[in-house]
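Colleague: Submitted below is the structure of interest, expressed as structure tokens.
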Amino acid sequence: MGVESTIMKRLGLRLGSRLGSRLGSVLPAPAVLLALVTWVAPSGYALAAPKLLKEVGRVTAGEATVHDAFALDQEGSKLAYIVFTGQGEVQLHVGPPGGNTHVTDLAEFSGAPEKILGLAGYWFVVANEGSRRAAIIDPAGRIKRRIGAFDDCELAHAPNALVTYSQKRQPNGGERYTIQTYRPDGGTIGVKSLVVTPNGTIDGDAAATFLGFAKSHLQAMVQKPGAYNRRSDAREPPQFALYDVMTGKTGPGKMPPKLDSFLDYIRKRAEKPELDAVIVLAAGQAGFDLVGPGEKVRPLNLAHREYDVLSLAQYQVGSRVVFSLVADRPEKGNMEEAGRYSQAFFSLEPESGKVTALGEIPLPDKHPCPWSAGGNKIAVLRKAADGGREIVIYAH
């Protein structure tokens, strides 16, 4: 059972869920929910006219093949990518974008790595062949350590760490989440388990009902009973709180954010817990909402009608979120002509909600290119003129 389905089950949103009646009694009534995360009005930021990104580097592999797994570091000063050679080598290249690289042969570790994550000069090469695991590569290009197995992983930036997580169904019907954090050099920071009982509470805090994860799986969003009011002989409405997975402590309760639906907030925030703020589709796919930081939910001020909203891709880059969308401008050509489609890149400041257009690259069709961002650079995997693949580095 995945994390998303578990959250839906905890919230009683699946028809016939045995938790539906229980949560119905602890969550605020519909009238209260409607009064509860206020939509903040669009802030009126205007986007500049589309401009093409400037190419500053290019990576080709000659007779070898460039693989899907590649990544820029947070500063954009190093690019890590993988090529397959005709001799059966699986080579990890790390160096300045388009410059000389350190080369590490990964064939013994994996025949087809899944993804690369960069943190503080180190690289985590993740493979998923039977079980997901990672090789930690030091700045000199050596394999320093191998870790695994886990369900999936992500980067945290407070503290700087690789966070791995796994979920296992318990014999009594509950779930156990195992969260492990590693320093960039592979040293273990800590291993913690979060056990959710069959009735949905966190083992060790019977008053906290598990709702979903945030902060790279280092926090859990929970619901606590409201305070007892002796005068009315009744409890106040339930409260929202954060549970620190590493310390096992539940923070102070507060009123749930004022949303059209608090449950909708929980579901959206849990889509990408590794991001400080996550961009999600608005109701009816009519644009986007920005969920976070904290419990804020705002419409994202973006003229979305010329973009394919389902093409959204987003990554944390320092304090910003960089995201891309495929633009479709029929006036620039029909379905058979080049020029109709492009991939547009934007930068989002989560606190203010300000969106800045970084630039675009032309596309031969409506399919977006894989990409990675760091500093003021964006690396894009594209089809080369000879039919092979290359990584083009752009600056903005």
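The values are calculated or read from the model by the stated rules, or taken from the named source; none is laboratory data. Being a predicted model, the structure only gives us computed values, none of them experimental. Cβ sites come from the backbone with ideal geometry, for glycine too, and all protein chains shown count toward neighbours.
Colleague: Modelled with pLDDT of 50 or more, among the basic types (Lys, Arg) and either surrounded by fewer than 19 Cβ atoms within 10 Å (Cβ to Cβ) or under 30 Å from Phe210 (Cβ atoms) (or both), is that true of Lys78?
Modeller: No: the conditions fail for Lys78.
Colleague: Looking at the structure I just gave you, is Gln219 of a type outside the set (Lys, Arg) and in contact with a Lys or Arg (Cβ under 6 Å, 6 or more places away or on another chain)?
Modeller: In short, no.
Conditions tested, residue by residue: (1) closer than 18 Å to Asp138 by Cβ; (2) within 23 Å of the chain's Cα centre (by Cα).
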residue	(1), (2)
Gly76	no, yes
Ile82	yes, yes
Gly86	no, no
Gln91	yes, no
Val103	yes, no
Gly111	no, no
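Colleague: Give Gly86, Gly2, Gly20 a once-over and let me know the one that is at pLDDT 70 or above and of a type in the set (Gly, Ala, Ser).
Modeller: Answer to the check: Gly86.
Colleague: While we're here: I'm trying to understand the selection: among the residues of the stretch 124-157, which are within 13 Å of His217 (Cβ to Cβ) and either exposed (fewer than 15 other Cβ atoms within 10 Å of the Cβ) or among the small types (Gly, Ala, Ser) (or both)?
Modeller: Ala156
Colleague: Right, something else. On the basis of being touching a helix residue (DSSP H, G or I) at 6+ places or on another chain (Cβ under 6 Å) and within 27 Å of Glu154 (Cβ to Cβ), does Val245 make the cut?
Modeller: No; evaluated as a whole, the condition is false for this residue.
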